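What follows is calculated from the coordinates using simple rules that are stated; it is not laboratory data. As the structure is a computational prediction, the values presented were derived from the model and not from experiment. Positions of Cβ are generated from backbone atoms using ideal geometry, with glycine treated the same way; all protein chains shown enter the neighbour counts.
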């Protein structure tokens, strides 16, 4: 099964995460199919950037999002809607 989940990178005590599409059997920081976004949780504004069209493509083709990614995407979309108003 294909999953959309976080992959950790960055220095010790300076974590950053990439939102990646990967096989569910791959390890957390292992091989991935495609990188579709970046998340920096330590920053004050919880900076998240992702390619919405690629996310929609993978979800449409059966990829399952992890709970963490689902909540981050929902929060980013909510933040974008309030900023557009």
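Using only Cα atoms, figure out Rg for the chain and give it as a multiple of 2.2 N^0.38 Å.
The reported ratio for this selection is 1.09.
Quickly estimate the mean residue ellipticity at 222 nm for the chain, helices only: each DSSP H run with n ≥ 4 gives -39500 (n - 2.57), and the total goes over all residues, rounded to 500.
Taking each H run of at least 4 residues, the total per residue is -10000 deg cm²/dmol.
When only C-alpha pairs under 8 Å and at least 6 residues apart count, what is the relative contact order of segment 1-60, in percent?
Once normalised by length, the contact order is 26 percent.
Let's test the formula: R0 of 22 Å, r as the Cβ-Cβ distance of residue 2 and residue 83. What FRET efficiency results, to the nearest 0.05?
The formula returns an efficiency of 0.10 here.
For segment 40-83, report the convex hull volume of the alpha-carbon atoms normalised per residue, in Å³, without decimals.
Enclosed volume per residue, from the Cα hull, is 76 Å³.
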